[in-house]
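Asker: Would you mind keeping the following structure in view while I ask a few things?
Each reported figure results from applying straightforward, stated rules to the coordinates on display, with no laboratory input. The structure displayed is predicted, hence computed values, not measured ones. As a convention, Cβ positions derive from the backbone with ideal geometry for all residues, glycine included, and neighbour counts pool all protein chains shown.
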Amino acid sequence: MDVPAVSYQGLTKRFADTLAVDDVTIDIPLGSFFGIVGPNGAGKTTMLRMTTGLLRPDAGAVSIAGRDVWKDPATAKTRFGVVPDNPSMFERLTGRELIEFNGMMRNMDPEVVAQRRESLLRLLDLTEAGDTIVADYSLGMTKKVAIACALLHNPSVLFLDEPFAGVDPVARQTLEQILRRHIGGGGTVVFSDHAMDVVERLCDRIMVIDHGRVLATGSTEEITGGRRLQDVFVEMVGAQITEEGDLEWLGSSPD
Amino acid sequence: MARVFARLKLRLITNRLRRSTVIQAFGFLVSWLLAIAAGIGLGYGYGALLRAVENDLAISAAVFSLAFLAWLLLPIVAATLDDTMEARQFELLPYTSRQLAFGLAVAAFVGPGALMTILMFGIGIGVGYGFGLIWILQVVAAIGGLAFMVVVSRWITTLLTDLLRSRRTQEIAALTIVGLLTLPGVVGSLVVAETVDGGSGQFDIEAVLDGIEPLGWTPPGVFGLVVDSLEEGAWGRVGIGVVYGAVVLGIGGLLFARSVERLQTRAAVNKRSRRRRGGITALFPKRYPLPRTPVGAVAAKELKYLFRDSRVKAQLIGGLVATVVLVGTGGAALADTPYAPFSAAFIGFLVTASVIPNQFGFDGGSFWAYQSSSIRLIDVLAGKNLGWAAVSLPLVVVAAVAAAALSGDASYLIAGVLAGVSVAAMFTAGGNLTSILGAYPLPESNLFGSRNVSGTALIFSFLGLGLSGLLIVPIALLIGIPAWLSGPLLATLGAVAATIYGVGGYLLSMRWIQRLLESRALWLLDTIDKER
């Protein structure tokens with residue numbers, strides 16, 4: 001039996017009185033494009049932070065390609081790349097220097113780093129901007145360079161938290177192509193996003209999470225059942241419909 | 001209006017206290033108690049000075065001027081415990097710039113800084129001049145002075161916030177701040193130079209007081225003049241002082257309101273993006289043979305930041321300028337002796353002390369990159385130390401050689417260099433510990449430091465500095481006693497022992513710190529990442 005790309009066993013995290021992630025047990029198969037969807041505060045980011053060694057779980061375990069992230073972090077961290085939401089980078093380095101820095105931090109061969117850096121910059125259309133300080137990049141360029149840093153060591157799993165938020169359509173297209181290429185090469189992508197159309201179009205497997213609990217998980221077809229993911233999602237999380245009378249004042253002349 | 005802003009500020013303070021851990025809450029309360037203790041202590045000091053000397057006007061004018069200087073500089077250069085409200089947080093609310101400036105100034109009155117200042121003035125005036133009916137009027141005048149300090153302080157920080165949105169002006173601001181910081185030292189040394197009696201070398205206190213009396217007619221000093229004139233019953237001077245004080249307070253308020261309006265209505269301008277010249281950029285500098293390892297990569301990144309990050313640049317230049325000022329004034333006596341090379345130890349201390357105590361804090365929100373990669377945090381720390389050593393150690397050597405050349409005696413050169421290296425190594429060890437226990441976020445592009453530093457960080461910073469100071473004492477003893485007893489040869493042998501102590505202590509501390517880092521890694525991430 002294949003070792004899953006990511007395996008969660010009873011993963012739990014509590015912040016004071018709030019149960020952010022509640023006993024999540026799920027396997028993400030190798031080579032899948034896995035989408036995590038849920039409303040704001042559902043626990044998506046908390047889950048990704050616990051998966052990538054940025055937040056210690058209260059209970060349970062998470063392993064990447066068979067390596068426990070919290071018992072054997074050094075090995076597990078060689079197997080994944082991560083792009084958090086709104087990634088804060090070492091912005092006084094140029095794009096080239098930043099990618100090189102990430103490679104050297106991972107103890108990679110300098111020649112391999114240089115070779116991969118140039119091909120990633122070319123692929124991401126950042127060759128010209130490679131010698132510009134990252135602080136002067138647009139949001140789309142920053143996300144692209146963050147993905148280059150995450151891909152440099154050729155991880156088997158790539159975690160992305162809202163990678164398309166604030167990114168223009170051209171940059172989005174490029175990012176999508178790269179992620180598909182990563183899947184094509186045998187890699188796994190796990191990402192969270194609010195854009196249901198993107199998740200539906202890209203992902204072959206989906207997990208719906210709310211209040212830290214997994215509401216549904218399975219293939220995209222199983223989850224949607226031929227309907228739009230947006231409709232299924234709203235139904236699952238129980239959107240609150242406001243009574244019209246509550247908002248009678250809205251749009252009337254200010255006092 | 002005033003009540004809304006004052007209540008909002010109180011709510012911010014209580015909310016922060018509520019979401020703190022027990023140790024953070026303890027640190028927070030201790031820092032407030034320290035502010036109260038400092039206010040009382042400084043107040044008694046001010047009062048004692050008034051009772052000790054004849055020229056009360058000079059003392060009051062000087063105290064008000066110094067308090068003004070503190071209000072001007074501390075919010076710019078020091079991380080503060082205060083939950084400062086910024087104009088940009090209110091830019092979409094229907095307030096005019098004058099209303100907003102007034103509200104922000106009122107809010108600034110609710111905090112440890114204002115409490116400390118009011119205590120200092122209230123107690124100082126009471127102890128020095130007496131607690132009578134006049135005391136009430138004097139305290140009212142002092143509160144007017146505090147209002148002026150608050151308004152000008154907020155004007156400067158708002159102005160800088162506006163300027164600093166442009167990255168080009170960040171560089172200029174960094175250097176300006178360094179200039180402002182050295183100003184008191186330069187002025188102080190000039191006053192001392194002017195007032196020391198040339199014949200006897202005695203310090204003439206009356207001459208100093210006469211020299212600073214005109215401060216009473218400067219904008220901050222005039223409030224001290226009113227306080228003193230009330231006691232003297234010089235009502236004419238009181239009247240002039242009150243009018244003068246009201247005018248400068250009004251001008252300060254208008255300038256603050258204008259800077260608030262400018263900040264809200266003017267877009268940040270970054271005219272050009274900074275593309276590095278000279279072909280393809282590389283992380284590792286050609287001139288330094290840094291190892292192609294994770295440690296070397298972090299050192300290379302730190303060296304890049306040295307020239308590109310205003311915060312680090314300001315710290316380094318500040319350290320250098322302060323050194324020149326201090327050596328040029330206080331250390332002049334050392335220059336003519338064979339002990340001059342030991343100034344290298346002082347350089348080692350200053351340059352290291354300027355950055356080392358909060359190394360992870362400089363990474364701000366970027367700290368996650370270390371934690372999510374396979375690099376060990378001890379290697380990150382070692383890389384940071386290596387990067388800084390690549391700058392500080394050459395400075396130590398250059399300083400020792402230059403000082404030896406100026407003194408005309410090279411006999412203590414090797415001992416001086418070794419003293420500098422030992423001091424830098426031991427101070428780095430203490431700084432590493434402080435960087436872990438007392439880390440606070442200092443995000444990039446932020447010369448003001450963090451607005452919400454926990455009191456715990458402040459306490460650990462003080463403890464770390466104290467500990468580093470204690471660890472340096474054996475170095476001074478190992479070199480100083482042989483130099484005093486025997487001369488350069490024995491001093492050099494002592495310096496070798498000091499180097500073994502300093503460098504060995506650093507290496508040993510790294511082994512212990514490695515374990516500490518493993519347990520504190522997520523705490524560091526949580527603490528440093530807060531400003532994102």
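Asker: Reachable lysines from B:Lys313, Cα under 20 Å, same-chain residues fewer than 8 places away excluded?
Answerer: Those lysines meeting the cut-off are B:Lys301, B:Lys304, B:Lys384.
Asker: Let me have the 222 nm mean residue ellipticity of chain A computed from DSSP H runs of 4+ only, each contributing -39500 (n - 2.57), with the sum over all residues rounded to the nearest 500.
Answerer: -10000 deg cm²/dmol
Asker: Could I ask something else about it? Obtain the nm distance between the two label points defined at B:Glu91 and A:Thr127 by a simple spin-label model: each point lies 7 Å from its Cα along the Cα-to-C-beta direction.
Answerer: Those two pseudo-labels are separated by 3.8 nm.
Asker: Here is a follow-up. Between B:Phe462 and B:Val53, what is the label-point separation in nm under the 7 Å Cα-to-beta-carbon projection?
Answerer: Using points 7 Å along Cα→Cβ, the separation is 2.7 nm.
Asker: So, by mean Cβ neighbours within 10 angstrom, what's the order for A:40-52, B:238-250, A:185-197 with the highest one leading?
Answerer: A:40-52, A:185-197, B:238-250
Asker: Work out how far the C-alpha atoms of the stretch A:1-141 reach from end to end along every principal axis, then list the three figures in whole Å, largest first.
Answerer: 47, 35, 24
Asker: Right, next: Treat chain A as a sphere of radius equal to its Kirkwood radius over Cα pairs and apply Stokes-Einstein at 10 °C in a medium of 1.306 mPa s; give the translational diffusion coefficient in µm²/s, rounded to a whole number.
Answerer: The estimated diffusion coefficient comes to 82 µm²/s.
Asker: Right, another one. Amide H of B:Gln359 versus every other amide H placed in the peptide plane: which residues, excluding those fewer than 5 positions away on the same chain, fall under 5 Å?
Answerer: B:Ser435
Asker: Would you kindly derive the ³J(HN,Hα) couplings of the stretch B:107-115 from the backbone phi angles with the Karplus curve 6.51 cos²θ - 1.76 cosθ + 1.60 (θ = phi - 60°), listing them in order in whole Hz, with x for Gly and Pro?
Answerer: 4, 5, 6, 8, x, x, x, 5, 4
Asker: Straight-line reach from A:Lys13: which lysines have a Cα under 21 Å away, not including same-chain ones fewer than 8 places off?
Answerer: Within reach: A:Lys44, A:Lys71, A:Lys77, B:Lys530.
Asker: Between the stretch B:497-516 and the stretch A:84-120, what's the alpha-carbon centroid distance in Å?
Answerer: Centre-to-centre (Cα) distance: 31 Å.
Asker: Okay, next question. Sort out for me the Cα centre separation of the stretch B:17-63 from the stretch A:21-68, rounded to whole Å.
Answerer: First find each Cα centre; the distance between them is then 50 Å.
Asker: In bins 10 Å wide, starting from 0, what share of all Cα pairs of the stretch A:155-194 does each bin hold, as a percent?
Answerer: Per 10 Å bin, starting at 0, the Cα pair percentages come out as 30, 55, 15.
Asker: Here's something else I'd like to know. Run the simple label-point estimate for B:Val30 and B:Val4 please: 7 Å along Cα→C-beta, distance reported in nm.
Answerer: 3.9
Asker: Not counting the cut sites, what is the longest span of chain A without GluC sites (Glu not before Pro) that DSSP labels loop and that have at most 15 other Cβ atoms within 10 Å?
Answerer: Counting at most 15 other Cβ atoms within 10 Å as exposed, the longest clean stretch of chain A is A:1-242.
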